[in-house]
1. Among the residues of the stretch 236-265, write down those that are assigned to a loop (DSSP other than H, G, I, E, B) and among the acidic types (Asp, Glu).
2. Provide a single number: the residues in the stretch 87-140 that are among the hydroxyl-bearing types (Ser, Thr, Tyr) and either open to solvent by 50 Å² or more (accessible area, probe 1.4 Å) or not in a helix (DSSP H, G or I) (or both).
3. Being outside any strand (DSSP E or B) and more than 22 Å from Asn156 (Cα to Cα) is the filter here, so list the residues in the stretch 168-201 that pass it.
4. Residue by residue through the stretch 268-288, note down the ones that are of a type in the set (A, V, I, L, M, F, W, C) and closer than 14 Å to Phe199 by Cα.
5. Looking at the structure I just gave you, is Gly320 surrounded by 17 or more Cβ atoms within 10 Å (Cβ to Cβ) and modelled with pLDDT under 90?
6. Since Ala45 meets every condition but one in (1) open to solvent by 50 Å² or more (accessible area, probe 1.4 Å); (2) at pLDDT below 90, which condition does it not meet?
7. Can you pull out every residue in the stretch 269-296 that is open to solvent by less than 40 Å² (accessible area, probe 1.4 Å) and either aromatic (Phe, Trp, Tyr) or closer than 18 Å to Tyr117 by Cβ (or both)?
Amino acid sequence: MGGMHFPRIALIAAFAASFAYGQNNSQGLLRALNAQVLQLRGVIASANGSDQSATHSKAADALARRQQVLQGLMATAPARALELTFPDEILADLAETFPESAGTLEEHGVWQGTLYYQIEDGVGFTTHKEIRKLKLGDELIDLYSSTPTEAGSKCNEIIAASGTKSGNTMVVESSVVQGASAVCSTQGAQNVAVILINFSGTPLAGYSNTLPANVTSGFLKGVFLGNAFADAANQVSPDRSITDFWSQASDGKTWVNTATTVVGPYTLAPADYCTDSTALRNAAYAAANGALDYTQYSRVVIVVPHNGTCNGTAGVGTIGCWSSECPGDGACNISWTWWRGDQIWNRDAGVMLATHEMGHNLGLGHSGSRWHGSLVVDNIGIWYSNRIQ
């Protein structure tokens with residue numbers, strides 16, 4: 001390890017010097033950790049015996065902490081995170097010098113996998129968050145973009161993503177769509193299964209682990225299919241429904257299958273479904289497995305109580321369909337969405353939230369708008385800064 005070529009020593013020394021000033025934020029901490037790791041690399045070149053062992057231990061701690069900070073910065077400031085990663089030559093040398101910590105080092109390269117893409121919508125639809133993941137084998141990698149060019153546009157796209165990966169976090173600098181795996185049709189009858197969920201245990205103060213009393217099978221049949229399929233307690237006027245909206249908006253090309261199934265409620269362990277929608281989905285699928293043959297559906301809706309873990313989010317929907325394992329039924333190719341039960345307090349509210357989240361399921365993202373104050377048109381080439389998206 002001590003026989004490193006002089007040019008490489010000089011390169012590491014230069015990088016250490018460039019990182020040797022601090023800031024009171026994650027960028028400053030990452031810079032400091034970069035400098036510490038490179039200094040430890042320089043020390044070990046001349047260390048012997050117990051000194052080498054101690055240096056390896058210090059390096060392991062520093063590299064583990066560095067990975068944690070780097071992943072956090074990738075999520076919050078992707079472009080800045082890229083600037084603070086090590087180049088390939090330094091990474092190769094550190095992996096050779098500290099092989100026990102090689103797994104904590106980032107990689108630069110191209111990874112091909114299936115895109116998973118979902119949108120979290122805020123209460124009142126005034127905010128939203130886009131979440132992209134790349135499925136590599138059994139691994140799901142969180143994707144962030146350093147440029148306005150996003151990493152793929154809908155679930156089940158097979159993309160080749162170029163960038164930097166640290167553990168299960170990646171900053172994508174560019175991506176190319178290679179193809180698509182199986183898709184579910186956006187036209188014709190949409191086969192929908194609805195899973196109602198309650199949570200066990202004592203709820204947080206001011207919240208509930210059970211669905212609102214109005215969220216029943218009869219109510220949801222009305223939301224999806226209108227009065228003709230709602231029970232007597234859920235007849236309303238005007239008779240709005242998802243199937244009516246889809247049929248009108250598509251000129252009769254898309255509608256909800258009248259065999260829409262509502263099952264549950266099933267009681268699950270308390271969940272922070274904002275932090276981990278995947279865990280909620282998997283638990284709900286497993287709970288309803290005895291009642292549903294998932295291969296017969298293209299859309300699954302999960303309705304949950306407002307248990308206080310997800311105050312700012314009304315619902316989540318995948319952009320298009322999402323290939324996953326369905327308990328007892330093997331691989332299934334279905335879109336999924338979850339809704340907070342308190343956000344569908346009546347038919348109109350239910351149709352509004354449902355058409356929004358299931359619009360994502362049909363492949364639609366969010367529209368944008370531009371506001372130019374009192375001026376509608378100005379000279380060609382004039383760009384107004386008061387733009388909203």
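The values are calculated or read from the model by the stated rules, or taken from the named source; none is laboratory data. Keep in mind that this is a model prediction, so the values were computed, not measured. Cβ coordinates were reconstructed from backbone atoms using ideal geometry, including for glycine residues, and neighbour counts include every protein chain displayed. Just so you know, the surface numbers come from the protein's heavy atoms only, side chains and all, with ligands and any DNA or RNA stripped out. Shrake-Rupley method; radii C 1.70, N 1.55, O 1.52, S 1.80 Å.
1. Here is the first cut: in the stretch 236-265, the residues assigned to a loop (DSSP other than H, G, I, E, B) are 236-241, 250-253, 257-260.
Answer for the stretch 236-265, where residues must be assigned to a loop (DSSP other than H, G, I, E, B) and among the acidic types (Asp, Glu): Asp239, Asp251.
2. Pass one, the stretch 87-140, residues among the hydroxyl-bearing types (Ser, Thr, Tyr): 97, 101, 104, 114, 116-117, 126-127.
Pick out the ones that are also either open to solvent by 50 Å² or more (accessible area, probe 1.4 Å) or not in a helix (DSSP H, G or I) (or both) and you get 114, 116-117, 126-127.
Qualifying residue count, the stretch 87-140: 5.
3. To start, the set of residues in the stretch 168-201 that are outside any strand (DSSP E or B) comprises 168, 181-187, 191, 200-201.
Ser200, Gly201, listed by residue number.
4. Initial filter on the stretch 268-288 (of a type in the set (A, V, I, L, M, F, W, C)): 268-269, 271, 274, 279-280, 283-284, 286-288.
Selection gives Leu268, Ala269, Ala271, Ala279, Leu280, Ala283, Ala284, Ala287.
5. On the way: surrounded by 17 or more Cβ atoms within 10 Å (Cβ to Cβ): yes; modelled with pLDDT under 90: yes.
Judged against the criteria, Gly320 is a match.
6. (1)
7. Tyr273, Cys274, Ser277, Thr278, Leu280, Arg281, Tyr285, Tyr294
Yes/no matrix, rows are residues, columns are (1) more than 21 Å from the chain's Cα centre (by Cα); (2) modelled with pLDDT of 90 or more:
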| residue | (1), (2) |
| --- | --- |
| Gly308 | no, yes |
| Cys326 | no, no |
| Thr337 | no, yes |
| Asp348 | yes, yes |
